[in-house]
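The values are calculated or read from the model by the stated rules, or taken from the named source; none is laboratory data. All figures in this text were calculated on a predicted structure; none of them were measured in a lab. Counting neighbours? That spans all protein chains shown, and the Cβs are built from the backbone with ideal geometry, glycine included.
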Amino acid sequence: MRNRLEKIRSFFSGYYTLLLLSLIILFIFRPYERGALYLATWKVFLSLAFLSAIFNCKHARGIRMLAICLSVPSFFFTWINFFDRNEFLLFWNAAFSVLFISCVTASIVYDVVLRAKVTMETLRGVICAYFMVAFAFAYIYYLIEFVAPGTMHFTTHPASIHSFNHFLSEMLYFSFVTLLTIGYGDITVVGDIGQTFAVIEGIIGQFYVAILVARIVSVYALYSDKKFLKHLEKELKK
């Protein structure tokens with residue numbers, strides 16, 4: 001029993017753990033129009049994810065300060081939109097969210113790519129960055145639809161940009177489908193700007209997995225070689 005508690009404690013005390021759990025919950029329980037309580041709960045988990053992205057991840061001091069500065073307006077617009085769904089406020093909410101997510105995601109990728117060992121902490125960071133790329137593009141698609149109405153075309157269950165929560169839910173779904181290059185076709189992109197960003201997200205989804213898998217394999221092989229050389233040196237000294 002004590003060993004289990006220690007394992008659970010070590011899991012939650014590691015970097016990226018709270019962020020990963022928050023991101024999973026945010027995606028599963030997307031902000032559909034299901035009442036004020038449901039939306040408020042989702043925003044609480046969104047706030048928790050933002051705080052975790054700042055304080056539960058490995059960042060350089062300058063990056064952490066920049067992330068804090070970007071999170072303040074994002075927090076403000078996120079919660080003010082709960083009471084006032086002004087389109088101008090929704091636009092700035094999405095804009096600052098993209099900047100904040102891009103900042104912390106770049107820092108996480110930099111950390112996990114350069115990490116010398118392949119650990120559960122590293123893998124959690126890799127998954128967190130992947131999720132956050134999808135979240136960033138979901139907000140980007142909202143901004144594109146705001147600037148160029150009609151870019152996002154729905155074949156079933158249309159969502160209006162005026163219903164921010166429903167539209168963001170659909171964009172999260174579309175973003176993950178695009179990042180995974182599944183492409184069901186129930187939501188399509190019309191116009192040069194939207195299509196360009198959809199292609200960019202698909203490319204990121206493919207190259208992200210390929211590059212990180214190659215990096216993890218190479219680091220693991222290097223680590224194994226070092227262990228073998230140390231063992232060989234000990235045997236030779238006998």
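Could you check how many residues of region 117-152 are out of contact with any helix residue (DSSP H, G or I) (no Cβ under 7 Å at 6 or more places or on another chain), over 20 Å from S52 (Cα atoms) and either part of a loop (DSSP other than H, G, I, E, B) or modelled with pLDDT under 90 (or both)?
2
So which of S169, S102, S97 is under 16 Å from the mean Cα position of the chain (by Cα), surrounded by fewer than 19 Cβ atoms within 10 Å (Cβ to Cβ) and under 19 Å from A49 (Cβ atoms)?
Being under 16 Å from the mean Cα position of the chain (by Cα), surrounded by fewer than 19 Cβ atoms within 10 Å (Cβ to Cβ) and under 19 Å from A49 (Cβ atoms) holds for just one of S169, S102, S97, which is S102.
Out of all the residues in region 27-44, which are in a helix (DSSP H, G or I) and buried (at least 19 other Cβ atoms within 10 Å of the Cβ)?
W42
Limited to region 52-64, what total is found for residues that are surrounded by fewer than 16 Cβ atoms within 10 Å (Cβ to Cβ) and either touching a Lys or Arg at 6+ places or on another chain (Cβ under 8 Å) or in a helix (DSSP H, G or I) (or both)?
Looking only at that region, the number is 3.
Can you tell me which residue within region 165-193, out of those that are at pLDDT below 90 and small (G, A, S), is farthest from T155 (Cα to Cα)?
G191
Does F91 satisfy the criteria of being assigned to a helix (DSSP H, G or I) and at pLDDT 85 or above?
For F91, the condition - assigned to a helix (DSSP H, G or I) and at pLDDT 85 or above - is met.
What do you reckon, is Y130 under 22 Å from L99 (Cβ atoms) and either without any contact (Cβ under 8 Å) to a residue 12 or more places away in the chain or touching a strand residue (DSSP E or B) at 6+ places or on another chain (Cβ under 6 Å) (or both)?
no
With farther than 23 Å from S52 by Cβ and surrounded by fewer than 20 Cβ atoms within 10 Å (Cβ to Cβ) as the only criterion, which of T156, T178 stands out?
Among T156, T178, only T156 is farther than 23 Å from S52 by Cβ and surrounded by fewer than 20 Cβ atoms within 10 Å (Cβ to Cβ).
In this structure, is F146 under 19 Å from the mean Cα position of the chain (by Cα) and of a type in the set (F, W, Y)?
no
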